[in-house]
Every structure is written in C-alpha cells, then in structure tokens.
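Please treat every number below as a calculation from the coordinates, not as lab data. Computed from a prediction, not measured in an experiment: that's the story for all the values here. Don't worry about glycine lacking a Cβ; one is built from the backbone with ideal geometry, like all the others, and counts go over all protein chains shown.
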Amino acid sequence: MPLTQISLREGKSPDFRRQLMEEVYLAMRESIQIPEDDRFATITELKDGNFNNSGSYLGIDRSDDIIFIQITLNRGRTTEKKKLLYATIVNRLNSKLDVRPEDVAISLLEVSMEDWSLGNGEAQYA
C-alpha cells in the first residue's frame, strides 16, 4: 500500500499531472509488484520560490522543473528492487512525459504494516 506524494512547480496541465501519477503507479506495479488498483497519490504544486532543488548537488544538473516524489511503503524491499523502482520511474517519466531524468528526485519512506489505517480508524494490515 504505497502512498505517493509528488511535488512540482505549478503550471503543468491537469493531463500532465494525471499521467504523472499514472506513470509512477505503473512503475511501482512493474518494478515492485504493488497490487492492482492500489492507487493512493497526491500532487502538490509549488510557486516559484517555494522549493530548492540543490542545483548541481552530486554532479546532477537539475532545472526548476524538478519533480520530487516521496513514496511511503511497507518495509522489506531489497536494494536491487529499490534501484529498479527508481530507474523504472525515471524511464517512464522520460519516455511518456518528456521529463528529464536529472529532474526526478525520489525518496522512499519505509513503514511497518501496523503503521497504516486505510479508513474506519482500523489498522487493516496489523
């Protein structure tokens, strides 16, 4: 049950934003085998001046069109699976939305099964 939070500079079309969420979802299906229809995602649009992309940190030339993707998911995936997830997201966004690979920053936040409540005040996975 991943929860995906995406932040980007304001001004992208509703179609772009919808497809962005879809491509991240499809990348998770393909690389880490999340369940079908496990779609929990938000997009936050930021005005200029409300984000910092760290310029060329680690030798990567990022632009102001950077997309920050934070995925909260269950703990337990291997480093290899995580690397595959990162590469799959970047490849899909580049090929489907023409997003520069340099402009995709991804972080994973791993939690335990009991850390989820998906409604009704219950811990469905505990």
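5 Å is the cut-off here: which amide hydrogens, built 1.01 Å from N in the peptide plane, fall below it relative to Arg9, excluding neighbours closer than 5 in sequence?
Counting only residues 5 or more places away or on other chains, the set is Leu46.
Take the Cβ-Cβ distance between Phe16 and Tyr125 as r, set R0 to 35 Å, and report the resulting FRET efficiency rounded to the nearest 0.05.
After rounding, the FRET efficiency stands at 0.60.
Could you check which residue among Arg75, Arg39, Arg17 shows the biggest mean-square fluctuation in a GNM of the chain with a 10 Å Cα cutoff?
Judging by the Gaussian network model, the answer is Arg75.
Ratio of Rg to Rh for segment 3-114, alpha carbon only, Kirkwood?
Reported Rg/Rh, Kirkwood definition of Rh: 0.95.
Taking the DSSP beta bridges in the chain as the whole, what percent of them are antiparallel, to the nearest 5?
30
Return the Cα extents of segment 1-53 along principal axes one, two and three, sorted largest first, each rounded to a whole Å.
Cα spread of segment 1-53 along its principal axes, largest to smallest: 37, 22, 15 Å.
Can you compute the modelled spin-label distance between Arg100 and Gln5, with each label point 7 Å from Cα toward Cβ, in nm?
Roughly 2.6 nm, to one decimal.
Test of the criteria: in segment 1-79, which GluC sites (Glu not before Pro) are in a DSSP loop and have at most 15 other Cβ atoms within 10 angstrom of their Cβ?
Glu10, Glu36
For Asn74, project a label point 7 Å along Cα to C-beta. Then give me every residue of segment 35-65 with its amide nitrogen under 16 Å of that point.
Only 35-40 pass the distance filter.
I need Met28, Met113, Met1 ordered by Cβ neighbour count within 10 Å, fewest first.
Met113, Met1, Met28
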